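In what follows, a structure is listed as C-alpha cells, so that the remarks can point back to it.
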Number of protein chains: 4
Amino acid sequence: MNTYGDMFRVTVFGESHGKAVGAVVDGCPANLPLSKEDIQKELNKRRPGQSIFTTPRKEEDEVEILSGLFEGKTTGSPICALVYNKHMRPKDYEKLKDTPRPGHADLTYKLKYKNYDYRGGGRASGRVTVGHVIGGAIAKKLLQYTYNIKILAYTIKVGKIEGDFSYYKKPEIFENQESLKSLESKIWENPLRCPSSNYKEMEEYVLKAMEEKDSVGGVVEIVALNVPIGVGNPIFNKLNGELARGLMSINAVKGVEIGVGFKCSELYGSEMNDEMYFDDEKNIRFRSNNCGGTLGGISCGTPIVLRIAVKPTPSIGKKQRTINLKSFENTEIEIEGRHDPIIVPRIVPIAEAMVAVTLADLMIKGGFIHPCCL
Amino acid sequence: MNTYGDMFRVTVFGESHGKAVGAVVDGCPANLPLSKEDIQKELNKRRPGQSIFTTPRKEEDEVEILSGLFEGKTTGSPICALVYNKHMRPKDYEKLKDTPRPGHADLTYKLKYKNYDYRGGGRASGRVTVGHVIGGAIAKKLLQYTYNIKILAYTIKVGKIEGDFSYYKKPEIFENQESLKSLESKIWENPLRCPSSNYKEMEEYVLKAMEEKDSVGGVVEIVALNVPIGVGNPIFNKLNGELARGLMSINAVKGVEIGVGFKCSELYGSEMNDEMYFDDEKNIRFRSNNCGGTLGGISCGTPIVLRIAVKPTPSIGKKQRTINLKSFENTEIEIEGRHDPIIVPRIVPIAEAMVAVTLADLMIKGGFIHPCCL
Amino acid sequence: MNTYGDMFRVTVFGESHGKAVGAVVDGCPANLPLSKEDIQKELNKRRPGQSIFTTPRKEEDEVEILSGLFEGKTTGSPICALVYNKHMRPKDYEKLKDTPRPGHADLTYKLKYKNYDYRGGGRASGRVTVGHVIGGAIAKKLLQYTYNIKILAYTIKVGKIEGDFSYYKKPEIFENQESLKSLESKIWENPLRCPSSNYKEMEEYVLKAMEEKDSVGGVVEIVALNVPIGVGNPIFNKLNGELARGLMSINAVKGVEIGVGFKCSELYGSEMNDEMYFDDEKNIRFRSNNCGGTLGGISCGTPIVLRIAVKPTPSIGKKQRTINLKSFENTEIEIEGRHDPIIVPRIVPIAEAMVAVTLADLMIKGGFIHPCCL
Amino acid sequence: MNTYGDMFRVTVFGESHGKAVGAVVDGCPANLPLSKEDIQKELNKRRPGQSIFTTPRKEEDEVEILSGLFEGKTTGSPICALVYNKHMRPKDYEKLKDTPRPGHADLTYKLKYKNYDYRGGGRASGRVTVGHVIGGAIAKKLLQYTYNIKILAYTIKVGKIEGDFSYYKKPEIFENQESLKSLESKIWENPLRCPSSNYKEMEEYVLKAMEEKDSVGGVVEIVALNVPIGVGNPIFNKLNGELARGLMSINAVKGVEIGVGFKCSELYGSEMNDEMYFDDEKNIRFRSNNCGGTLGGISCGTPIVLRIAVKPTPSIGKKQRTINLKSFENTEIEIEGRHDPIIVPRIVPIAEAMVAVTLADLMIKGGFIHPCCL
C-alpha cells in the first residue's frame, strides 16, 4: 500500500503526470516547530536539473502545506503537503503504452492493475518520491529536535569506481562537529553526492556511459548519528529489518547491508564481535562498530551504518529488445529524450528520508518520543 | 513486536529456558490439508545435534498442534503449535547475568527491558525460531498447494570459501524437476547445507576455526520458484522490501540482496536490464534474470533469487573483552560449553520459512489466495 | 490516528480554518469508473445552508481530485481529493482560546495536544468530515458497482418525537425498487432527513428549542442492502463491531445498536432467534431479521440494520458555566453566532459514509472484492 | 482476525472441543509483577457451573503460563497462557452438523469457511473467550499497577426487570473506596452478577423462562474509574469507538452506549452538556457525567460508563424451525442438553476484559504507559 509506518505514518499520493504529488504525514507529535522551509530544503536536494547528469526537466517543486500546522508548530493533526505538477514535457508517451521498457515497472504494473497511467512512468516515476522526501523532512526535524539525531547519505561507489571515503575508511570524521559539517558541504556541492576525493574519475565514468547512451549504478552509504540505545524490537520489527524494508522500497535498490555487511561472512567471530568497555565516565563504549549500530535488532548506541546497491537507470537510449503487449510481437525500443545516466545522486536524499521516517516511527513506538505532544 | 504478517500472521512466543516455544498462525485459509508431519519435517531441518558443527544439545522438538485443524484440514481458525522445552542444560547461566557477551543481544535486551531472562539467551536464543519455522511450514504448504511454489535455501559461501554452485552459476538446475530434486537432496544431506562440490574445503575451514575456539560466517542463497506475476506492491510494500525485512529479522543476518544484488552497481544499464520476449506460446519471457524476480517491487514471473550475509556465531570460547554491568568494571569473558562454530546451516531452514511466510502474506493480501477458504 | 480501514484505507486531513480538508483513499482497486460527480453528489448531502436548521455558513465544497484516476477510472493508486476552505467567517475565535465550551472537545484537545488550533473547532469541527464523505463516496461506488449494495440512512427520531417510519415498522419498503426510490427522495427532500409522515411535529420541536437558544438530538437508522453472506470475522473484527466503531467515530454519536438492539434484552430466545427456511428456489431465507444482518459477527444475507443515538449540538446560545484555563477561574459562556439547533441531518450522510467504508474494507479483506483490480 | 489491539495485543486461539484454548498477549511492558493467580482469578469469574443458571459442564479452567515471565515479572516478551480442554461432554454433535441452530453462528461459519468444527460451537463457543479473559486479566493488572484504574461490570437489567442499581442512579457509590468494595462483593456473590436489591425478581423471571425451555437477555453496565485525561484519539480511534468495537466483539452483544447513551436523543443541549468548574484545588471538575467520560473521543477524567445489550441465549430447548443444509429441506430442531437460560452473567467478566484490553492498548499507544518497560 501507500502508507509507511505505524505511528509516524507517511501516506504518499500522486502520479508523474497527474495534478500533484505529495504526502499526508500523520502521527507527528504536537509542538514541533516546523516551517515550509524545513520541507523545501529537503525537496531541493532531490530536484533534478542540477547537473549534466540529471534530467533537464525543471521541477520547481514548491511545497504547499495544507494542514496540521498552527502558529509555526505542529498540532498533532495530519500534515498534508504537496507539490503541484507544472512542467510536464509534452512527450509522446503513447509509444510506451503497449511496449514495456526493459528493467522498468511498466510490465508488472500493467499486468497487475490493467488501468495503468503510463505517462512519465506514472506511479513508478521517481517523481512520486516527493512524498517520501516530505515525510523524511518532517521526520528529520523531529529526530533532530528531540535527540539531535543526524542522518547523512552519500555516494561511495559509481560503476566500478570505488570512492576513497566511507564510514569504515574514516570513522573519525563522524565524531567531530566540524569535520561533519565539512563532509556535508562536500556531499551537496558535488553533483554525484560523493565526498570522495576521486570523484572526477567517477564523473568521467558516467560521461563515457552517457556517450554510449547507456547508464551506470553505484552504492550509497547512510549513517545515522546519536540514535539512543534501545530502538528496535527483538524479533520481527528489528531496527535493521525495518531499515532494510524502508530502503528497499526505493526503486532501483537491489541490496541493503548494515555494518560490515556482506563482508561479515569472511570474518571470524573474534574479528566481527565488537568488544565493549567503560570509558572514564563509565559510559558503555565499543572498541569497533562492525555491527553498524544494532545488536539483536536493537540499537546499541554506535552510529548506524547502512549501504544500498543502486542499479543503473533502466531508461537508456541504446536499442533494447522488448515486446508489444497489443500485437503480441517481439520488438525493439530506443527510449527517446534525456534520461539521467545515473540515478544514484537522486537516491541519496530519498535514502536519508526513508531512514528518518523509519527511525521516527520506531522511536515513537518504542517510547523514546511521546506520540502526542512534545 | 512478535507478530509477522498482516493477513497471514505468525505470532511467536517462548524463551530458550521457558516451558515451551511456538507460534500462533492466524489467517491460513480453511480447507488446506495439514498434518503434524508437515510441520515436524521442517522443524527437523533446524534441529541441532546433526553434525560435528552443531551444538550437542539434543532438541527433540516434537511439535504439538493445539488448535485450528479439523478432520485433517485447516478450519480458518488460528493454529497454535508448540514444542515443549525438555533438555535444558543445567549450565551456570549466572555468569552471564551481568556480563554481556560481545556481538550478542545481551546488552541491548538488558538495557531495553531491564527484567531479562538471560538463561540460554532467553528471547534472543536461536531456539525461538521454532516459531518461525512452524509458521514457515504452514506457509510452504499453502504456497505449494495453491501455486506449486517451491522455496529452496542453501549455503553458497563459508568464510572465505565460495562454493561452485549458485543460481547465477547454474540457473538451468532450477528449470528441471529432476535436477531440482537432486539439488534438494544434496542440501539436506550436507551438514553445511551446501550443495557445492567443494564443500570439503568449507568443512576444513570451519574445523580450523573450531580448533582456535573461533567461529565463521557465510552466505545463504534463497530461490522461490513459480511465484505468479503481480505479487508485491508498487510503493512501500514492495516484494523485495518485505522479503528483505523478513530475512533481516533473522538474528545474524547483516545484509540482503536480490537478483545480482550489490553487483548491479558495476553493471551498465544495457547489461542489467532483462530484455523480454514472447515465446512460441506467446508467454512473456525474460532473456536474463538479473532483477531476481521483481520489477518495481512486483514479481515478474522469473525465479525470485535472494542472498543473505550471515555473521559468524558470536558465542566463542576465545577470550574477549567486555564489561560487568553490576560492578561497572571492564572485564574479560571466555564463553564456556560447546557452541556452533558456524550458524549458517541453521539459518537455512529459517530463511526458507521467512520467505514462505512473507510470500503467503503478500499473496493473500494481493488477492492471489482467498483469505478465508480454499 | 487519522486513517480508517486496513485494505480500503481513508486518511483524512485538514482543519476547519486551514487551507483545505480532504482525504487520501488508498486501496480502491483499479478499473472502478469514478468521476468528480460521484464524490460531489455525496458532499452536497452534508452541505449546510440548506434549511433554517443549518448554519448559514455557505460551504460550496467543490471537490478537486488530485490523483489516482486515469481515463475515468481508478488506477489502484491512492486517490487524493480535497475541498479548499473558502468562506471562513471572520469570527472572533480568540474568546474560545481559553474557555472550553461544555460538551465540546475543546478541553480534551487542548490538554492532550497543547498546541490547539481552536479556530472554528479546528480538527474537531464537523467540517473535517468532508474527508469521511469523500472516502464514503468512493466506497459506495465500489460497493454498488461490485455487489449492487445500497446504503441508506435517515432520521427516525428527533428529541422526544419518534417518527412513524423505520425498518422494523415497514420492512417491506426495502424489498421493492420503487418504494426504495421513493423513500430516498423523501429523505433528501426533507431538511431533517426524515421520511416519516409526522416530520412537521419534529420541525416544531426543533424550532421551539431554537427559540430558547437550545439544541436537540435524535436517532438515525442506517440500512445496508444486498450485502452478501460471509462478510466480517468470527472473533475480533466482527461486522457489527467494525460498524459500531465506524459509527462511533462520528462526533456526537453516543450509542450504536444493530438489529433490534437494546430491545433484545427484553425478548425471549424464542422471540429473538430468526428462524431459517429454504424458499422455492432453495435460497436460504430468514423468517425475521431481529439480528439485523449478522450472526456471530458475520453477515447472513438479510439487510444490515443499525441505529445511532446523536446528542444535541453542544454549541448553544444559552448561558453555560465553564472554566478559564488561563486565569484558573470559573466563568460563564454564551456561544455567539448561528449554530445548528440539531446536528442529526448532517450526521446522516456521514453515517452512510462510515458504513460504506467499513463494508468496503471488510469485503476486500474477506476476498469478496479483488484488492488490486476489478 | 484473532488479534485485538495494536501495541497491547491479544491473539486468541482454540476451539471448544480442541486440545486447548488460550491467548498470546504481546506488548505488555517488562517489569509488571504478574502471577498465575492474577489470571486464574479472572478466569474463575467466567467459569460456569456456579449456579442453577449456568451449564453444569465443569470447566476447571486451570491456566498454564508458557512464556513471558521471569522471576515473577513480565519480561516484555509475549505471554502465552492457556487452559487445556478436559471435560468435553460426549454429546452427539453430529446432529448439528447440517442443521444450523437459529440465532447461532453455525450457518455463517459453515458458509464462510466450509470446513467447520461444529462440535460444541467450535470457534463460536463461549469457551473461546477464555483467551479474552486471559488478555483482560493482564491488562487489568497493568492498568491497576500504573494508574490504579478499576474496571467493574455488572448486570442492570434481566429480561423486562430493571434493577434498582446503576451508575446514573447512584453515582456516589463509585466515589468511595468502601462502598465500591461492597459493590464488588455484591456483584460476584450474586449468580446474575447483579448488585440491585430486586435481584430476586430477576431470578424468578429467568426460572420461568427455563421452565418453558426458553432463554432471556439483559443489560450489562461497565464502569472504568481513574482513567486519566487524554486517552483516545480525535478522529477514527476514538476512545468510545474502540470500546464499542471491543464490546461488540463479544457474541450476543447487540448494542453499546456510552454515558446517557440513547437517552441523549431526548435531551436538550443545555441538559446534555456537562458543565465544568475548578474545585478548591483548581482541579478541573464536571457538574455531571452525561458524556460518560469522553469528549471528542478523548477521556475527560470522569468515570467511563458503558452499557451493552445482551441477547437471550440462542440455544433453547423449545422447538424451532430451521433448515438442513445437506438435504436442502426445511426442518425443525429442539436443542438437547442443558443450556444457560441467560448468558448475561457470563458476559460480565468478558466485558470487563474487553474494556481493560482496549484501555491498555490505547494508553500504551497514547504515551501513558511506556511500551517496553515499567
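Below, the figures for the structure above:
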| quantity | calculated |
| --- | --- |
| Yes/no for A:L183 being away from chain B (no Cβ under 14 Å) and in a helix (DSSP H, G or I) | yes |
| Scan of segment B:29-42 for residues that are at negative phi and either in a helix (DSSP H, G or I) or surrounded by 16 or more Cβ atoms within 10 Å (Cβ to Cβ) (or both), ordered by number | B:P29, B:A30, B:L32, B:L34, B:K36, B:E37, B:D38, B:I39, B:Q40, B:K41, B:E42 |
| Segment A:208-237, residues that are of a type outside the set (S, T, N, Q), more than 9 Å from chain B (Cβ to nearest Cβ) and open to solvent by 10 Å² or more (accessible area, probe 1.4 Å) | A:K208, A:M210, A:E211, A:L225, A:P228 |
| Residue in segment C:235-250 that is in contact with a Gly (Cβ under 8 Å, 6 or more places away or on another chain) and among the β-branched types (V, I, T) present | yes |
| Strands (runs of 3 or more DSSP E) wholly inside segment D:221-327 that include at least 3 residues being free of Cβ contacts under 8 Å to residues at least 12 places away in the same chain and within 26 Å of C:K326 (Cα to Cα) | D:276-278 |
| Search result, residues across segment D:1-28 that are surrounded by fewer than 24 Cβ atoms within 10 Å (Cβ to Cβ), more than 8 Å from chain B (Cβ to nearest Cβ) and either without any contact (Cβ under 8 Å) to a residue 60 or more places away in the chain or not charged (D, E, K, R) (or both) | D:G5, D:S16, D:H17 |
| Flag if B:A252 is open to solvent by less than 30 Å² (accessible area, probe 1.4 Å) and touching a Pro at 6+ places or on another chain (Cβ under 9 Å) | yes |
| Some residue of segment A:341-357 being among the hydrophobic types (A, V, I, L, M, F, W, C) and part of a strand (DSSP E or B) | yes |
| Test: residue in segment C:119-135 that is more than 29 Å from D:C300 (Cα to Cα) and modelled with pLDDT of 95 or more | yes |
| Breaking point among (1) touching a helix residue (DSSP H, G or I) at 6+ places or on another chain (Cβ under 6 Å); (2) under 20 Å from D:V260 (Cα atoms); (3) hydroxyl-bearing (S, T, Y), for D:T358 | (2) |
| Residue within segment A:349-364 that is of a type outside the set (G, A, S), at the interface with another protein chain (Cβ under 10 Å from one of its Cβ atoms) and either open to solvent by 40 Å² or more (accessible area, probe 1.4 Å) or out of contact with any strand residue (DSSP E or B) (no Cβ under 9 Å at 6 or more places or on another chain) (or both) present | yes |
| Filter result (among the β-branched types (V, I, T) and within 7 Å of chain B (Cβ to nearest Cβ)) within segment A:249-259 | A:V256, A:I258 |
| Neighbours by Cβ (under 6 Å, 6+ apart or cross-chain): first from segment A:138-156, more than 19 Å from A:Y4 (Cα to Cα); second in a helix (DSSP H, G or I) | A:I149/A:L143; A:A153/A:V348; A:A153/A:A351; A:A153/A:E352; A:Y154/A:I187; A:T155/A:V344 |
| Single unsatisfied condition, D:E162 versus (1) surrounded by fewer than 22 Cβ atoms within 10 Å (Cβ to Cβ); (2) under 30 Å from D:N324 (Cα atoms) | (2) |
| Test: residue in segment A:43-54 that is of a type in the set (V, I, T), modelled with pLDDT of 95 or more and surrounded by 14 or more Cβ atoms within 10 Å (Cβ to Cβ) | no |
| Residue match in segment A:136-152 (condition: at the interface with another protein chain (Cβ under 10 Å from one of its Cβ atoms) and within 25 Å of A:V21 (Cβ to Cβ)) | no |
| C:N240 touching a strand residue (DSSP E or B) at 6+ places or on another chain (Cβ under 7 Å), modelled with pLDDT of 95 or more and open to solvent by 40 Å² or more (accessible area, probe 1.4 Å) | no |
| Residue under evaluation B:H104, criteria (1) open to solvent by less than 20 Å² (accessible area, probe 1.4 Å); (2) not in a helix (DSSP H, G or I), criterion not met | (1) |
| Qualifying residue in segment A:119-129 (condition: open to solvent by less than 10 Å² (accessible area, probe 1.4 Å), assigned to a helix (DSSP H, G or I) and among the small types (G, A, S)) | yes |
| Given (1) within 19 Å of the chain's Cα centre (by Cα); (2) closer than 30 Å to D:V130 by Cβ, number of the condition C:I235 does not satisfy | (1) |
| Residue among C:Y205, C:Y147, C:Y168 that is at pLDDT 95 or above, open to solvent by 10 Å² or more (accessible area, probe 1.4 Å) and either in contact with a Gly (Cβ under 7 Å, 6 or more places away or on another chain) or closer than 25 Å to C:V83 by Cα (or both) | C:Y205 |
| Which listed residue, of B:R346, B:R307, is over 30 Å from A:R101 (Cα atoms) and of a type in the set (K, R) | B:R346 |
| Set C:I304, C:I316, C:I284, C:I308: member being open to solvent by less than 10 Å² (accessible area, probe 1.4 Å), aliphatic (A, V, I, L, M) and facing another protein chain (nearest Cβ under 7 Å) | C:I316 |
| Qualifying positions in segment B:104-141 - charged (D, E, K, R) and under 17 Å from B:I79 (Cα atoms) | B:K140, B:K141 |
| One residue from C:N330, C:N273 being crowded, with 24+ Cβ neighbours inside 10 Å and either in contact with a Cys (Cβ under 7 Å, 6 or more places away or on another chain) or within 7 Å of chain D (Cβ to nearest Cβ) (or both) | C:N273 |
| Candidate set: segment C:90-105, residues that are within 21 Å of C:L247 (Cα to Cα) and not hydrophobic (A, V, I, L, M, F, W, C); chosen: the one nearest to the other protein chains (Cβ to nearest Cβ) | C:G103 |
| Test for B:K110: is it in a helix (DSSP H, G or I), more than 30 Å from B:K181 (Cβ to Cβ), of a type in the set (D, E, K, R) and within 14 Å of chain A (Cβ to nearest Cβ) | yes |
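The values are calculated or read from the model by the stated rules, or taken from the named source; none is laboratory data. All values reported here derive from a predicted model rather than from experimental measurement. A quick note on method: Cβ atoms are made from the backbone with ideal geometry, for glycine too, and the neighbour counts reach across all protein chains shown. What goes into the accessible areas is simple: the full protein's heavy atoms, side chains included, and nothing from ligands, DNA or RNA. Shrake-Rupley method; radii C 1.70, N 1.55, O 1.52, S 1.80 Å.
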